[in-house]
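Asker: Below is a structure I'd like to ask you about.
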Amino acid sequence: MQRLVIRHGEAERGEEDPPITSEAKEMAHLLRARLHKAGIPTKRIATADSLRARQTAKAIAGVGSTITIYTSLNEVPNELPNDKLKQQLMEGEVPEEALTAAELLLSNPPIERLYISHGLLLAGLQAVLAMRRGENPVGQNMRLENLETRELDF
């Protein structure tokens, strides 16, 4: 099944579970309009439990949409400095904990077509799917920017 994965909007700085910025909310509303124009429904959205993921889902959702929280979409903890992690993901080198979290998600994926989650989990998901297709993810950019979308088949 084709699914659209979206990294949450840019978050405010300095809080443990920060909200998204006002600019990110505006960008998410624009993304909703692009999705509707492309014929991609936003009536059922699966999201991680963090405030930034939930706010992104709400900004993308249409009137009457259902947003369901799945802990399997939650952020994957890691100890790497942010700049090193970004570089690794751009080179297709995904930390083991992200691959494990992605395998867990794929073992029982939410039924929704639209997923809002965090960059590291989404990188792990892309890498695992590439390996299942017999591809080596090293050398492929697995990093998603805020509100970037990718269509994946799983």
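Asker: Among the listed residues 101, 127, which satisfies the condition of being at pLDDT 95 or above, in contact with a Ser or Thr (Cβ under 9 Å, 6 or more places away or on another chain) and either crowded, with 24+ Cβ neighbours inside 10 Å or outside any strand (DSSP E or B) (or both)?
Answerer: Numbers: 127 fails: in contact with a Ser or Thr (Cβ under 9 Å, 6 or more places away or on another chain).
So the residue among 101, 127 that is at pLDDT 95 or above, in contact with a Ser or Thr (Cβ under 9 Å, 6 or more places away or on another chain) and either crowded, with 24+ Cβ neighbours inside 10 Å or outside any strand (DSSP E or B) (or both) is 101.
Asker: Looking for whichever is aliphatic (A, V, I, L, M) and not in a loop (DSSP other than H, G, I, E, B) here; the options are 80, 147, 89. Which one fits?
Answerer: 89
Asker: Quick one: which residue in 114, 99, 73, 121 is in contact with a Phe, Trp or Tyr (Cβ under 8 Å, 6 or more places away or on another chain) and hydrophobic (A, V, I, L, M, F, W, C)? Spell out how you get there, then give the answer.
Answerer: Details: 114 fails: in contact with a Phe, Trp or Tyr (Cβ under 8 Å, 6 or more places away or on another chain); 99 fails: in contact with a Phe, Trp or Tyr (Cβ under 8 Å, 6 or more places away or on another chain); 121 fails: in contact with a Phe, Trp or Tyr (Cβ under 8 Å, 6 or more places away or on another chain).
73 is the lone residue from the list that is in contact with a Phe, Trp or Tyr (Cβ under 8 Å, 6 or more places away or on another chain) and hydrophobic (A, V, I, L, M, F, W, C).
Asker: If you scan segment 6-16, which residues turn out to be at pLDDT 95 or above and either part of a loop (DSSP other than H, G, I, E, B) or under 19 Å from residue 151 (Cα atoms) (or both)?
Answerer: Applying the first criterion (at pLDDT 95 or above) to segment 6-16 yields 6-12.
Across segment 6-16, the qualifying residues are 6, 7, 8, 9, 10, 12.
Asker: Further, regarding this structure: Can you name the residue in segment 37-57 that is among the aliphatic types (A, V, I, L, M) and out of contact with any Pro (no Cβ under 6 Å at 6 or more places or on another chain) and is also nearest to residue 13 (Cα to Cα) among such residues? Outline the logic, then answer.
Answerer: Within segment 37-57, the first condition is being among the aliphatic types (A, V, I, L, M), and the residues that meet it are 38, 40, 45-46, 48, 51, 53, 57.
Add one more test, that the residue is out of contact with any Pro (no Cβ under 6 Å at 6 or more places or on another chain), and what stays is 38, 40, 45, 48, 53, 57.
Numbers: 38: 33, 40: 31, 45: 26, 48: 19, 53: 15, 57: 20 Å.
By that ranking, first place goes to 53.
Asker: Ok, one more. Working carefully through the options 105, 99, find the one that is in contact with a Gly (Cβ under 7 Å, 6 or more places away or on another chain), hydrophobic (A, V, I, L, M, F, W, C), over 14 Å from residue 8 (Cα atoms) and free of Cβ contacts under 8 Å to residues at least 60 places away in the same chain. Give the derivation first.
Answerer: Details: 105 fails: in contact with a Gly (Cβ under 7 Å, 6 or more places away or on another chain).
Checking each option against the conditions leaves just 99.
The values are calculated or read from the model by the stated rules, or taken from the named source; none is laboratory data. This is a predicted model, so every value here is computed, not measured. All Cβ positions, even for glycine, are placed from backbone atoms using ideal geometry, and neighbour counts span all protein chains on display.
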